[in-house]
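Notes follow the structure.
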Amino acid sequence: MKKRHKRLALIGGGLAALGIATALVLNAFQSNLVFFFTPTQVSAGEAPQERTFRVGGMVQTGSVQRLSDGLTVKFVVTDTAKMVPVTYTGILPDLFSEGKGVVAQGKLGVDGLFRAEEVLAKHDENYMPPEAQHALDEAAKNTITARP
């Protein structure tokens with residue numbers, strides 16, 4: 001092989017390796033990407049079915065039900081406009097309570113029930129996840145403008 005052919009083969013191999021590495025990184029990134037949706041967006045069908053995402057808002061007062069197994073909890077997440085029923089099996093954060101901010105990560109079933117794999121609660125009196133606070137502000141703004 002001539003020097004020129006060796007150089008072209010080396011450049012072609014390097015580009016192929018770079019392309020494969022880029023494809024693998026993008027695939028890993030896409031499979032680990034988790035989007036945030038509000039209950040209004042979930043109700044509107046904007047959230048993906050059977051794919052992991054986060055839903056956030058407030059735990060509706062009076063909606064928390066603990067099942068007899070001691071680990072499964074059902075509750076409703078609301079943004080004051082729409083509601084999403086959530087079920088979670090596991091130990092809830094100590095600060096989880098009705099009327100407080102929450103973000104749940106999991107999958108939405110075809111039955112409309114959100115099956116959470118992880119539940120995050122606020123950590124002090126003044127904190128709410130930024131996505132949840134923005135969702136509540138938007139829902140309140142839309143409710144005020146929708147009134148006659």
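The values are calculated or read from the model by the stated rules, or taken from the named source; none is laboratory data. These figures come from a predicted structure and were not determined experimentally. Note that each Cβ is placed from the backbone with ideal geometry, even for glycine, and that neighbours are counted across all protein chains shown. Ligands, DNA and RNA are stripped out before the accessible areas are found, and what is left, the full protein with its side chains, is counted by its heavy atoms. Shrake-Rupley method; radii C 1.70, N 1.55, O 1.52, S 1.80 Å.
Remarks
- Qualifying residue in the range 64-71 (condition: open to solvent by less than 100 Å² (accessible area, probe 1.4 Å), acidic (D, E) and in contact with a helix residue (DSSP H, G or I) (Cβ under 6 Å, 6 or more places away or on another chain)): no
For (1) at pLDDT below 85; (2) in contact with a His (Cβ under 6 Å, 6 or more places away or on another chain); (3) surrounded by 14 or more Cβ atoms within 10 Å (Cβ to Cβ); (4) part of a strand (DSSP E or B), each residue gets a yes or a no:
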residue: P85; (1), (2), (3), (4): no, no, yes, yes
residue: F96; (1), (2), (3), (4): no, no, yes, no
residue: G99; (1), (2), (3), (4): no, no, no, no
residue: G106; (1), (2), (3), (4): no, no, yes, yes
residue: V119; (1), (2), (3), (4): no, no, yes, yes
residue: N126; (1), (2), (3), (4): yes, no, no, no
residue: Q133; (1), (2), (3), (4): yes, no, yes, no
residue: A139; (1), (2), (3), (4): yes, no, yes, no
